[in-house]
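One structure below.
The values are calculated or read from the model by the stated rules, or taken from the named source; none is laboratory data. Only a predicted model underlies this, so the values are computations on that prediction, with no experimental measurement involved. Using ideal geometry, Cβ is built from the backbone for each residue, glycine included, and neighbour counts are taken over all protein chains shown. All accessible areas refer to the heavy atoms of the entire protein, side chains included, with ligands and DNA or RNA removed. Shrake-Rupley method; radii C 1.70, N 1.55, O 1.52, S 1.80 Å.
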Amino acid sequence: MTVKKLTKGNIALAEGAIQAGCRFYFGYPITPQNDIPEYLAKHLPEVGGTFIPAESEIASINMVLGAGASGERAMTSSSGPGISLMQEGLSYLAGSEIPGLVVNIMRCGPGLGGIAPTQGDYTQAVHGGGHGDYRNIVLAPASVQEMFDLTIKAFELADRYRMVSIILADAMVGQFQEPCRLTPEKPIVMPDKPWALRGRQGRNPQLLKSLYLGPGEQEAHNLDLQKKYAEVQKNEVLCEEKFLDDAEIMIVAFGTPSRIAKTAIRMAREQGIRVGLLRPITLFPFPSEQVRAHSARIGKVLVVEMNTGQMLYDVKIAAHKDAAISFYGRPGGGIPFPNEVLAEIRKALE
Amino acid sequence: MYYDIIMTGFGGQGIQTISLILALAAMKKDLEVTYLPSYGVEKRGGRTNVYVTIADQEIGSPISNTPSALLALDLIGLEFYQDMLEKGSLLVANTSLIPEDRIRVKEGVSVLKVRINDQAVAMGNPRLANMITLGCFIGALPVLAYADLEAVIGEVIPERLRETIPDNLRAITRGIEIVKETR
């Protein structure tokens, strides 16, 4: 039997990073993610890793760029205000195709906001943040086990595609505890990184950069990036599909709202209302094809988020043109409780 | 089975300790469990609110506004949560710190009023109040048995307080007895 330990989400993530072979952490404190640097400050040096409490989030992300350029698995973690400061660096990492992990344990915004759970940073993580035509891989854990497993996955995907992976979790997922298996599902394989800058050692000179000034160079670089992003979209979609076969309405939710939706679905089914769940685990690549297929068949879709409707746009773009899409959102630390979601299900079915 | 439990009181009452015992005991029995201790600006004397869900099936929401049980160790906690209790749920109210006339729950809510602090003093140690609460809870709602808690208490009580374990176990037993005496 696999041994499980009652573990906090943030700790599972930090331990997952160590087991994934991450040996460099750079970060600046902010609630609700402080357990991550606290844990790594203690345990990263034990495996020969380097923990640097950076002077700012801007410094943190650029240290990730440096460590990533040398081929090492490196990460930073923060929350909304800190992640905003990192956006320039994220754009540079994307432009120079340097892998790294950025963890955002979301707190309320805008501004300094508050420390309650929220999902207000979806658009920033999935659609933008920094300048330029780029994407990040975005993973959205909804359990403590996924905080561990998806952190390992995030490093693998980052290396495979030479992209930044973002773990986007709300503060509830970071702070609550569940039994968790703290061993990897499969052995960790460190890929070769011939592009890494570790000293020339006889090979031809090479460079990691995002500045391309020659005629047509920047456009070609952008098109190459897009080709890579299309490949990610094609190969790496992850989602949970539950109770969809007989559903008369489909909920689309990620992170904590997906957990709440599961309770609402249990309540609904006890009352004979057939509700299903599509839970995106990857937000980029978004499970657009799954949304399209299920919405075409089921017809009614309810999007539940802890914001005022950010993933909603991706669902609308992906959904079948005839699908009726409704939305229930609670921003700024509001929790969409199960009985409230159930009321929204009833409303959508009227 | 599917129990979502809210425990509320102020920092220092030992709520984090008993909720952790409950969560670990459930895990040891191979039940599903989610455990959300409050986080943020709390400190000794501040608010403490804990959500524990224990089930024999996949747990959805780790947080509830229709809990199966509320353990209210003080008045502020009671007044914040008591309206959430629906018919069939359980309230354990610490009437050492909650005036009885402030308990206003819906019809059909089972209410267990226990002067928990006084009971702890009667046992010779006011710090046993949290364990008496835990005993009252499992005495009133058969989520877990005494033996389940006994099996994990050593993992929760720190090494330096090891010699308090027998007293803590006696307090849990006392809590179970109180429920029997009350009913």
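Name the most mobile residue of A:Ile98, A:Ile317, A:Ile30, meaning the one with the largest mean-square fluctuation, in a Gaussian network model of chain A with Cα contacts below 10 Å.
A:Ile317
With +1 assigned to the C-beta of every Lys and Arg and -1 to the C-beta of every Asp and Glu, and no other charges, what is the dipole magnitude of segment A:239-349 about the Cα centre in debye, to the nearest 20?
About 140 debye.
Using heavy-atom solvent-accessible surface (probe 1.4 Å) with all chains present, what is the largest-first order of A:Arg203, A:Arg160?
Final ranking, largest accessible area leading: A:Arg160, A:Arg203.
Calculate for the protein assembly as shown the 222 nm mean residue ellipticity that helices alone would give, adding -39,500 (n - 2.57) per DSSP H run of length 4 or more and normalising by residue count, nearest 500 deg cm²/dmol.
Taking each H run of at least 4 residues, the total per residue is -12000 deg cm²/dmol.
Given A:Ile298, A:Ala264, A:Pro215, which one lies farthest toward the positive end of the charge dipole of segment A:191-350, if we put +1 on the Cβ of every Lys and Arg and -1 on the Cβ of every Asp and Glu?
A:Pro215
What does DSSP give for segment A:1-127 in terms of the percent of beta bridges that are antiparallel, rounded to the nearest 5?
15 percent
Take the cross-link list A:Lys262/A:Lys300; B:Lys87/B:Lys113; A:Lys8/B:Lys28; A:Lys300/B:Lys106; A:Lys4/B:Lys180 and give me the ones stretching past 26 Å between alpha-carbons.
In this structure, A:Lys300/B:Lys106; A:Lys4/B:Lys180 exceed 26 Å between Cα atoms.
On the full set of protein chains, 1.4 Å probe, figure out the accessible area of A:Cys108 and give it in Å² to the nearest 10.
A:Cys108 has an accessible surface of roughly 10 Å² with all protein chains in place.
May I ask for log10 I(q)/I(0) of segment A:1-154 at q = 0.13, 0.14, 0.15, 0.17 Å⁻¹, from a Debye sum over the Cα atoms as equal point scatterers with solvent left out?
Each listed q corresponds, in turn, to -0.54, -0.64, -0.74, -0.96.
Counting DSSP beta bridges in the protein assembly as shown, what percent are antiparallel, to the nearest 5?
Here the antiparallel bridges make up roughly 35 percent for the protein assembly as shown.
With contacts defined as alpha carbon pairs under 8 Å and 6 or more residues apart, what's the relative contact order of chain B in percent?
Normalised by residue count, the contact order of chain B is 21 percent.
Which of the chymotrypsin sites (Phe, Trp or Tyr not before Pro) found in segment A:136-235 are in a DSSP loop and have at most 15 neighbouring Cβ atoms, other than their own, within 10 Å?
A:Trp195, A:Tyr212
Two-decimal Rg/Rh of chain B from alpha-carbon positions, Kirkwood Rh?
A ratio of 0.93.
Where in segment A:260-350 are there chymotrypsin sites (Phe, Trp or Tyr not before Pro) that are in a DSSP coil and have at most 12 other Cβ atoms within 10 angstrom of their Cβ?
Those that pass, being in a loop and sparsely packed, number zero.
With an 8 Å Cα cut-off and a minimum separation of 6 or more residues, compute the relative contact order for segment A:239-349 in percent.
30 percent
So for the protein assembly as shown, what are the equivalent ellipsoid semi-axes in whole Å, largest first, each being the square root of 5 times an eigenvalue of the Cα gyration tensor?
45, 28, 18
Taking just the alpha carbons, could you work out the radius of gyration and Dmax for segment A:28-86, both in angstroms?
Just the Cα atoms of segment A:28-86 yield Rg and Dmax of 11.3, 31 Å.
Within segment A:234-263, which trypsin sites (Lys or Arg not before Pro) sit in a loop by DSSP and count at most 12 neighbouring Cβ atoms inside 10 Å?
Taking segment A:234-263 and a limit of 12 other Cβ atoms within 10 Å, no loop trypsin sites (Lys or Arg not before Pro) are found.
Could you work out how far the C-alpha centroid of segment A:124-166 sits from that of segment A:222-301, in angstrom?
18 Å
Run through the DSSP bridge list for segment B:1-91 and note the antiparallel percent, rounded to the nearest 5.
Percentage antiparallel, nearest 5: 70.
So how strong a dipole does chain B carry about its Cα centre when Lys and Arg Cβ are +1 and Asp and Glu Cβ are -1, to the nearest 20 debye?
Computed charge dipole of chain B: roughly 440 debye.
Against the longest principal axis of chain A, how steep is helix A:338-349, in degrees 0 to 90 to the nearest 10, with axes from Cα atoms?
Tilt of helix A:338-349: around 70 degrees.
If you take each beta carbon of peptide A:335-342 and count the beta carbons of other chains within 10 angstrom, what is the mean?
3
Using only Cα atoms, find the angle between the long axis of helix A:9-19 and the longest principal axis of chain A, and express it within 0 to 90 degrees, rounded to the nearest 10.
40 degrees
Can you find, among A:Asn34, A:Pro53, A:Leu6, the residue farthest towards the positive end of the dipole of segment A:1-143? Put +1 on the C-beta of Lys and Arg, -1 on that of Asp and Glu.
About the Cα centre, the residue reaching furthest to the positive side is A:Leu6.
With just the Cα atoms defining each centre, how far is segment A:188-206 from segment A:51-95? Give it in Å.
Each part's Cα centre sits 21 Å from the other's.
Quote the charge dipole size of the protein assembly as shown about the Cα centre in Debye, to the nearest 20; the model charges only the Cβ of Lys and Arg (+1) and of Asp and Glu (-1).
260 debye
Cα centroids of segment B:140-183 and segment B:76-102: how far apart, whole angstrom?
So the two Cα centres are separated by 22 Å.
Go through A:Ala323, A:Asn307, A:Phe337 and say which Cα lies farthest out towards the positive end of the charge dipole of segment A:294-350; charges sit on Cβ, +1 for Lys and Arg, -1 for Asp and Glu.
Result: A:Ala323.
Quantify how much of the Cα-Cα distance distribution of segment A:239-349 extends past 18 Å, in percent.
Taking all Cα-Cα pairs of segment A:239-349, the fraction more than 18 Å apart is 40 percent.
Starting from the residue with the highest accessible area, list A:Ser70, A:Ser60 in decreasing order, probe 1.4 Å.
A:Ser70, A:Ser60
Does anyone have the angle between helix A:144-161 and the longest principal axis of chain A? Alpha-carbon axes, 0 to 90°, nearest 10?
The answer is roughly 50 degrees.
In a shell of Cβ-Cβ distance under 12 Å around A:His127, excluding A:His127 itself, what net charge do Lys and Arg (+1) and Asp and Glu (-1) give?
So the surrounding residues net to -2.
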